[in-house]
1. Consider residue 197 carefully, then state whether it is at pLDDT below 95 and more than 25 Å from residue 36 (Cα to Cα).
2. Scan 210, 149, 138 and give me the residue that is farther than 27 Å from residue 279 by Cα, in a loop (DSSP other than H, G, I, E, B) and more than 9 Å from the ligand (Cβ to nearest atom).
3. If I filter region 251-273 for residues that are more than 13 Å from the ligand (Cβ to nearest atom), under 27 Å from residue 124 (Cβ atoms) and not in a loop (DSSP other than H, G, I, E, B), do I get at least one hit?
4. For the structure I just gave you, tell me whether residue 157 is outside any strand (DSSP E or B), within 15 Å of the ligand (Cβ to nearest atom) and closer than 24 Å to residue 262 by Cβ.
5. Restricting attention to region 180-193, which residues are away from the ligand (no atom under 12 Å from the Cβ) and either out of contact with any strand residue (DSSP E or B) (no Cβ under 9 Å at 6 or more places or on another chain) or not assigned by TED's automatic domain parsing to the domain that holds residue 219 (or both)?
6. Looking at 203, 196, which one is surrounded by fewer than 20 Cβ atoms within 10 Å (Cβ to Cβ), touching a residue at least 60 places away in the same chain (Cβ under 8 Å) and either within 15 Å of the ligand (Cβ to nearest atom) or within 11 Å of residue 150 (Cα to Cα) (or both)?
7. For the condition touching a residue at least 60 places away in the same chain (Cβ under 8 Å) and at negative phi, what is the one hit in 87, 126?
8. If we scan region 73-83, do we find a residue that is surrounded by fewer than 22 Cβ atoms within 10 Å (Cβ to Cβ), closer than 25 Å to residue 263 by Cβ and in contact with a strand residue (DSSP E or B) (Cβ under 7 Å, 6 or more places away or on another chain)?
Ligand code: NAP
């Protein structure tokens, strides 16, 4: 196979951990290729796509602030990207540049890995938040047949998202969280609360059922206050690092033709990097 070049583009982009994980897989599978950081300012986006093939790109990841802005440059986008209104992965298909969104696959793949069989009995999920991560979580959980309650500080945002998803997704104020938690099989923090530098998400875990799962999409720190509290209550927990790893699997497969494994070694590599760069994480 010829040398293959993929990218992660955003602005700023230096903080991205994606090169670390794709480079790990390239080495593990002995694939001749690269995965590079591309800082693309908003006014350089058109030029980036004009020279896409000339640059020899096979495809790549897209992050803030381009997740919506790239859509007009793509021949088509997949159903997940349509549902989320955002693209995080670009690849070539039948001679065209196309896009998709793998965040919900990453969200669910992580849950499947960490709590195998979780969806045999789970019926209801409560998601705190209504931004990009909540969108991915809601789409993934709805696709797996759950009823989803979105609780957000700004109720109007939760309402807009619930209306967008239609059946089986409802909107609620943050004040309803304690009541909704009683029936939740999966409780998700999809806000930026709990991230380093942010206050924790204040939520009383006491009403949760003993077999409920608490999932935090935040991964810096790896163990957030809510996950610590859930563990000490004996609840099953899922952290956000696995979501980052699992969403990357699909892009790698598109570009390099191999579905890579999310290994413990890879998890440790990223976890060590997070701890090294974030005191207290
Ligand atoms: P976003 O679109 O900006 O949404 C942020 C959400 O947090 C909104 O619902 C916002 O509520 C809520 N929020 C922020 N501050 C709050 C506060 N003080 N009190 C209550 N709610 C508050 O961000 P995002 O892209 O969804 O990212 C959210 C988190 O997910 C980030 O920590 C990000 O790193 C993480 N994430 C992880 C992965 C992964 O792979 N693990 C992927 C994507 C994102 P309002 O609507 O009221 O403002």
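The values are calculated or read from the model by the stated rules, or taken from the named source; none is laboratory data. Keep in mind it's a predicted model, so treat the numbers as computed, not measured. Neighbour counts run over all protein chains shown; Cβ positions are idealised from the backbone, glycine included.
1. For residue 197, the condition - at pLDDT below 95 and more than 25 Å from residue 36 (Cα to Cα) - is met.
2. 210
3. Within region 251-273, not a single residue is more than 13 Å from the ligand (Cβ to nearest atom), under 27 Å from residue 124 (Cβ atoms) and not in a loop (DSSP other than H, G, I, E, B).
4. Against the criterion (outside any strand (DSSP E or B), within 15 Å of the ligand (Cβ to nearest atom) and closer than 24 Å to residue 262 by Cβ), residue 157 does not qualify.
5. Selection gives 182 alone.
6. The conditions single out 196.
7. Matching residue, one of 87, 126: 126.
8. No, every residue in region 73-83 fails to be surrounded by fewer than 22 Cβ atoms within 10 Å (Cβ to Cβ), closer than 25 Å to residue 263 by Cβ and in contact with a strand residue (DSSP E or B) (Cβ under 7 Å, 6 or more places away or on another chain).
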